[in-house]
Structure formats: structure tokens, C-alpha cells
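Taking it in order: structure first as C-alpha cells, then the write-up.
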Amino acid sequence: MKTTEELIDQLLDLSFAEDIGDGDHTTLCCIPETEMGKQHLLIKEDGVLAGVDIALKVFKKFDPELKVTLFKHDGDRVKVGDIAFVVEGKVRSLLQTERLMLNIMQRMSGIATMTAKYMDELKGLKTKVLDTRKTTPGMRMLEKQAVKIGGGMNHRIGLFDMILLKDNHVDFAGGITNAIHKAQQYIKDNHKEGMKIEIEVRNFDELQEALNCGGIDRVMLDNFSIENTKKAVEIINGRVETESSGGITFSTLRSYAECGVDYISVGALTHSVKGLDMSFKAC
């Protein structure tokens with residue numbers, strides 16, 4: 001299995017290939033190869049900065065001679081008018097890395113900003129915000145990294161690092177008990193000891209069956225009302241971790257957390273976030 005660094009490196013290769021193709025003809029036609037210059041990253045919207053480390057990889061991969069001076073770092077709260085960094089070097093390199101760097105940093109910063117907003121709403125409570133697999137294809141590692149920068153937690157990276165028995169798995173497996181037993185046997189047969197099992201439940205009957213079955217690490221309360229979530233947490237009574245999911249908005253986030261759940265998963269952190277406004281200008 002490829003490492004995170006290898007996946008990011010492949011993403012940058014693909015991104016440069018789709019953007020530059022056989023050459024940036026606009027830059028090549030009007031900028032001499034030896035022309036040197038300087039650009040700065042200007043913040044145009046308040047938020048949480050994310051993607052600085054990836055931006056450094058973009059510049060280094062394309063032109064190792066580009067010099068970057070950092071003023072802001074991943075996780076910093078930024079405001080309109082801040083300068084995050086300055087890059088010096090060949091103007092051709094600056095122009096050809098500009099859009100990829102901005103695309104990555106704007107999206108990652110938007111995700112980090114949204115996550116920080118959700119985490120701020122939960123101050124004083126034990127509940128943590130989780131991301132989901134509702135990510136942009138190919139950019140999952142970056143988007144989940146942005147969630148962590150914003151103060152949230154990653155659920156699972158993909159289908160390979162946790163067993164999450166959702167409603168369709170349960171239905172196709174023939175019910176809660178069958179699904180859990182099959183997961184337990186799979187872990188044993190394939191020497192996956194240590195891999196956690198989470199199961200999604202849709203009502204109190206399924207919850208009770210899951211608890212009676214045992215051998216699970218977390219229960220996902222799917223589309224439970226606030227009242228039913230509180231009741232479910234009382235029934236579970238700390239025997240397994242608890243996660244709320246489905247139909248939870250920012251306005252109801254704290255109310256769900258006050259029920260005592262350990263986690264709330266929020267697909268909106270990555271699937272519909274607005275990028276943070278910034279620009280890369282000559283200086």
C-alpha cells in the first residue's frame with residue numbers, strides 16, 4: 001500500500017500534467033527564461049490557514065531553486081491583508097506553480113476554517129468532530145489533513161483501516177448479528193487484530209441487538225433525534241464509543257454533543273466547503 005507521501009507526490013504529478021500539458025505557452029511566449037521575480041500569498045478572507053506544507057512541496061517539486069520565506073504556518077488564524085509567504089525565483093516557475101498552489105491552499109484552508117468553526121461550537125464538551133469519506137477523488141489525503149489542521153479528527157482514511165458496517169452491509173449480511181459475527185471472523189481469519197469494528201444502527205432494536213452481540217468498538221447512531229440520541233447514550237452507558245451521524249446541522253451540533261456522544265461525523269466539512277479567498281501576486 002502506498003504511503004501518504006507517495007499518494008501526494010502522485011497527485012502533484014497528475015495535477016501538473018493536467019494543467020501544463022506540453023507547456024505553458026502563455027508564459028513561454030512572453031517571459032524570458034532568465035527573468036527573476038517575487039510573489040506573495042495575500043490572504044483576502046479571515047480563517048484558518050492550511051496547505052502551507054503542501055505548497056512547499058509544489059514549489060520544490062517544480063523548481064527546487066525557488067526560495068520561500070514563511071510568515072504564517074498551517075493552523076494559524078489569518079485575517080484579511082496578511083501575507084502568508086513570499087516566493088522568489090524564476091518568473092516562469094512562479095507563474096506555472098501559482099494555480100496548483102492556490103487550488104490546494106484555498107480548498108484546504110476552507111476545510112480547516114469550517115472545521116475550526118465546528119470545533120469552536122463544541123468548546124467545553126468532550127465531543128469531537130469527525131470527517132467522512134465524502135471527499136474530492138484524489139485529494140482525500142489533503143482534505144483529511146486539513147480537517148486535522150482545523151482541530152477535527154479523521155474518521156477512517158479509506159475502506160482499508162477500519163470496518164464500518166453501515167445499513168447496506170447489515171441488510172446484505174442478513175442483519176446486525178450476522179454482520180458483526182462475519183466481521184469478527186474476517187478479522188480472525190485475516191490476522192487483522194487491532195482493526196476496530198463500528199456498526200451503524202437505525203433504531204433502538206438494532207442498538208440493543210448490537211450491544212447484546214458485543215465485540216464492537218463503536219456504535220453510529222444514524223439519523224437519531226436529539227431526544228433519542230440522549231436515550232441511546234444512556235443505554236450504551238460507556239460500553240462502546242458513540243458517534244452521531246445524519247441530519248446534523250451547525251445549529252443542532254451542540255445539542256447533539258450535549259447528549260454525551262464521543263463523536264459527531266460531518267460530511268459537510270469536505271463535500272461542500274467554500275475555499276478561503278487568497279491570491280498570489282507579484283511584489
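The values are calculated or read from the model by the stated rules, or taken from the named source; none is laboratory data. Values in this document were obtained by computation on a predicted structure and should not be read as measured data. Neighbour counts run over all protein chains shown; Cβ positions are idealised from the backbone, glycine included. Heads up: the accessible areas ignore ligands, DNA and RNA and are worked out on the full protein's heavy atoms, side chains in. Shrake-Rupley method; radii C 1.70, N 1.55, O 1.52, S 1.80 Å.
For this structure, a couple of remarks:
- Counting only DSSP beta bridges whose two residues both lie in the chain, roughly 50 percent are antiparallel.
- Probe 1.4 Å, protein heavy atoms only - accessible area per residue of the chain in square angstrom: 50 Å²
- Taking the helices alone, the chain has a mean residue ellipticity at 222 nm of -14000 deg cm²/dmol, built from -39,500 (n - 2.57) per DSSP H run of at least 4 residues and averaged over all its residues.
- Element breakdown for segment 1-113 at a 1.4 angstrom probe: carbon and sulfur atoms account for 52% of the accessible area.
- Separation of alpha-carbon centers, segment 203-234 and segment 121-183, rounded to whole Å: 17 Å
- Rounded if a/c under 1.5, otherwise prolate or oblate - segment 117-181, Cα gyration tensor axes: oblate
- Max mean-square fluctuation residue, GNM over the chain, Cα-Cα springs under 10 Å, options Glu65, Glu45, Glu193: Glu193
- Theoretical FRET efficiency, 1/(1+(r/R0)^6), r = Cβ-Cβ of Glu258 and Thr26, R0 51 Å, to 0.05: 0.40
- You can think of it this way: the chain between Arg77 and Glu45 has 10.5 nm of extra reach, that is 0.36 nm per residue less the Cα-Cα gap.
- Debye-formula intensities of the chain, expressed as log10 I(q)/I(0) at q = 0.09, 0.13 Å⁻¹, are -0.53, -0.90 (one equal scatterer per alpha-carbon, no solvent).
- Remark: the Asp171-Cys283 segment gains 34.3 nm on full extension, using 0.36 nm per residue and subtracting the alpha carbon distance.
- Net charge contributed by nearby residues that have their C-beta within less than 15 Å of Asp171 (K/R +1, D/E -1): -3
- Set of lysines near Lys126 by C-alpha distance (under 22 Å), chain-local residues within fewer than 8 positions excluded: Lys117, Lys144, Lys148, Lys196, Lys230, Lys231
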